[in-house]
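My structure is below; once you've seen it, I'll send some questions.
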Amino acid sequence: MKYTIEGFNQEETLRLGNIDVIDLVILRWIVDFEPKMTKKIIDNEAYFWINYQSLLEALPILDIKKLALYRRLDKMCNAEILKHKNIKENGNYSYYSFGKNYSNLIISQKIEGISSTIEPYIAKDRTLLSSKIEQNNSSIKEIHLLNNSKENIKEKLEKFVLENNYTKNLKEAISLWFDYKLERKENYKETGLKSLLTQIKNNVNKFGEEKVIEVITASMASNYKGIIFDKLKKDEVRQSTKTYMTNFERSQEALAKARREFESEQKGNI
């Protein structure tokens with residue numbers, strides 16, 4: 001039996017049941033293009049938006065309609081290869097993430113007593129500029145430099161998260177931000193990267209991981225060049241003002257109540 005189909009473990013695919021070659025072709029496209037997809041942190045986990053129309057246009061050989069595509073994606077969700085969230089924000093958007101059984105499809109195994117690492121067809125240095133490689137071979141040098149830069153950032157990020165004992169959710173949010181910057185060809189220099197990590201650390205210490213994750217996500221959604229940490233300060237001031245006004249209103253209400261009680265007592269003494 002052929003070990004892999006579309007880069008996925010065929011034996012494991014059969015074990016999951018009711019997953020066919022068309023499903024694997026769809027999954028292959030998702031894996032290859034996931035770095036380019038719009039991301040969103042949902043329940044502290046990164047999800048990516050799948051544009052059904054773009055997928056069908058890229059794979060006309062499937063010869064299926066949107067409803068059939070949705071059913072196949074739903075089937076992979078039921079098999080826990082994918083996870084799905086439907087988000088209603090000025091319309092309905094289907095966001096997906098990889099489920100627990102996805103890793104089983106790409107895991108390396110020993111074949112006939114020989115240690116053999118067989119990886120799915122995903123380039124280790126997959127970048128967001130892959131389409132330009134196809135269009136212009138002269139960009140290979142540029143891509144190589146970008147890959148090296150990405151690996152350097154990845155190493156620093158791993159060290160940064162480990163040293164500060166941050167959660168995987170914050171690590172994922174920061175990683176998505178770096179992918180976002182690479183897609184925009186806005187690579188970080190050494191000093192800029194150090195400054196960014198320092199800002200993240202300071203803001204996490206002051207506002208907490210969840211708030212920093214929210215502001216990173218909001219910055220990408222708004223297509224900002226940088227992370228809008230000032231929003232955290234403004235939100236804090238706004239909350240302080242709201243708290244002050246609430247306390248002021250309570251004191252005014254208590255004062256009015258005391259005045260009414262005093263006036264009532266005075267009338268009772270007349």
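Please give the peptides 179-188, 56-65 ranked by average Cβ packing (other Cβ atoms within 10 Å per residue), highest first, as a rough proxy for protection. Don't skip to the answer; put the middle values down first.
Details: 179-188: 15.5, 56-65: 12.3.
Sorting 179-188, 56-65 by mean packing, highest first, produces 179-188, 56-65.
How far, in nm, would the chain grow between Lys100 and Ser251 when pulled straight, counting 0.36 nm per residue and subtracting the alpha carbon separation?
Computed gain between Lys100 and Ser251 is 49.0 nm.
Take every Cα-Cα pair in region 4-116 and report what % of them are more than 23 Å apart. Spell out each step's value before the answer.
Details: 1920 of 6328 pairs.
Tail of the P(r) past 23 Å holds 30 percent of the pairs.
A follow-up question, please. Of Lys39/Lys156; Lys39/Lys168; Lys40/Lys225; Lys211/Lys233, which pairs sit farther than 20 Å apart, going by alpha carbon to alpha carbon?
In this structure, Lys39/Lys156 exceed 20 Å between Cα atoms.
Do any chymotrypsin sites (Phe, Trp or Tyr not before Pro) in region 1-103 lie in a loop, going by DSSP, with at most 14 other beta-carbon atoms within 10 Å of their beta carbon, and if so which?
Hits after loop and neighbour filter: Tyr3.
Every read-out reported here was derived from the displayed coordinates using simple, explicitly stated rules and does not represent laboratory data. What you see is a predicted model, and the numbers here were worked out from it, not measured in a lab. A quick note on method: Cβ atoms are made from the backbone with ideal geometry, for glycine too, and the neighbour counts reach across all protein chains shown.
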